[in-house]
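Structure, as structure tokens:
Taken together, the values in this text are just the output of simple stated rules run on the coordinates, not laboratory data. All values derive from a computational prediction rather than experimental measurement. Virtual Cβ from ideal backbone geometry, glycine too; neighbours counted across all protein chains shown.
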Amino acid sequence: MIPVKSAVRVVDIIETVAQSGDGISISDLARRLAIPKSSAWNVGTTLLERSFLGRTSDGRLVLGDRLFDVVRSARLDLNLKSAAHPLMTELMEKTGESVFLGVLTPEYQVLLIHKVLGPQVIRYDADVGQTIPAYCTASGRILLAHLPPVSLARFLRTARRQLTERTVTQRGRLLRELEKIRQAGVAFNFGERVAGAAGISAPLYSGSGRVIAELGLAGPTPRLLARHKELGRLVKATASRISAALGYRVDSARALDDGAGEPASASPSRHAGRRAPIPESQAPHRQGRLREPVGGQRGGRSRPGSGEV
């Protein structure tokens with residue numbers, strides 16, 4: 001295979017900066033790699049803009065935060081899936097619903113990284129690697145609720161579209177919802193992204209106490225709504241156990257608090273009289289889907305319907 005020159009140059013620059021210890025100037029970088037200073041400047045500037053490189057107070061290039069984030073994420077991804085999978089399977093067996101893991105992207109989307117599908121004839125399914133909006137899903141809101149203030153302020157400047165008649169897009173109302181979710185430790189969502197579908201999510205913590213991902217349950221609104229208190233407690237308890245497996249220590253009374261409570265997001269009772277009922281038979285949506293295996297067989301081929309995490 002013939003190496004791609006531009007890719008080789010990017011790797012060479014990162015490796016050279018890493019080997020420099022206290023950082024390196026653009027001029028020294030170009031000299032060490034025997035490339036034009038303009039080329040070192042162009043590639044270096046791009047890497048700076050993407051935070052793969054950083055710059056000291058005197059202008060020397062050093063490795064950037066984003067590079068470390070990528071390395072940490074790769075390691076975390078393996079540990080997280082290994083710790084989560086058996087407990088996700090257990091949660092699916094207890095609830096009969098599909099279970100997902102998701103992480104927040106820099107664009108404030110939720111990236112689905114793992115799933116265990118439920119056995120129901122009508123069930124929620126979404127592709128691993130798919131991204132969904134954070135502002136109008138339970139999985140996204142539980143992650144947004146734990147953002148540091150600077151990141152949350154940046155998110156609030158992003159565009160938010162009205163996807164269904166239940167979608168919350170207003171800044172003030174969204175902030176109130178996020179505060180309720182932060183206090184409750186669980187997020188509920190009924191039909192804000194796709195009519196007829198619902199999600200329940202809880203945060204996953206690393207050993208350092210930082211929220212790194214979310215555990216979500218998804219299915220048709222009538223099924224999740226009928227059992228939302230029970231399902232909220234189960235999702236919270238399972239998320240707490242996964243967090244413990246990742247090295248996080250939390251008061252068990254808090255993790256298993258019976259007050260999973262009323263949905264902190266889009267509670268149908270709270271909006272009674274102001275919004276239309278949630279019909280299960282709304283039109284399909286591509287981003288996530290409720291699936292019905294052909295012939296009602298578990299694990300069979302399926303056809304898409306509507307869905308939400």
5 angstrom amide H check on L215, placed H, neighbours 5+ away: A202, L204
Taking the alpha-carbon centroid of each part, what is the distance from region 171-225 to region 1-40 in angstrom? 44
Assuming a ≥ b ≥ c are the square roots of the Cα gyration tensor eigenvalues, decide whether region 97-178 counts as rounded (a/c under 1.5), prolate (otherwise, with a/b larger than b/c) or oblate. prolate
For S25, what is the net charge nearby, where nearby means another residue's Cβ is under 14 Å from its Cβ and Lys, Arg count +1, Asp, Glu -1? +2
Within straight-line cross-link reach of K94, lysines at Cα separation under 24 Å, skipping those fewer than 8 residues along the same chain: K81, K115, K229, K236
Please provide three numbers in whole Å: the alpha-carbon extents of region 57-195 along the principal axes, with the largest listed first. 62, 38, 26
Translational diffusion coefficient of region 5-63 at 25 °C, 0.890 mPa s, Stokes-Einstein with Kirkwood Rh over Cα pairs, in µm²/s as a whole number. 223
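Could you order peptides 25-34, 203-212 by the average number of other Cβ atoms within 10 Å of their residues, highest first? Intermediate results must be reported in sequence, preceding the final value.
Details: 25-34: 15.0, 203-212: 17.3.
Order by mean packing, descending: 203-212, 25-34.
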First measure r as the distance between the Cβ atoms of S151 and H85, then evaluate 1/(1 + (r/R0)^6) with R0 = 30 Å and state the FRET efficiency to the nearest 0.05. 0.55
Between D125 and residues 5 or more places away or on another chain, which pairs have amide H atoms under 5 Å apart, with H built 1.01 Å from N, and which residues are they? R289, L290, R291
Could the peptides 186-194, 168-176 be put in order, highest first, of the mean number of other beta-carbon atoms found within 10 Å of their residues? 186-194, 168-176
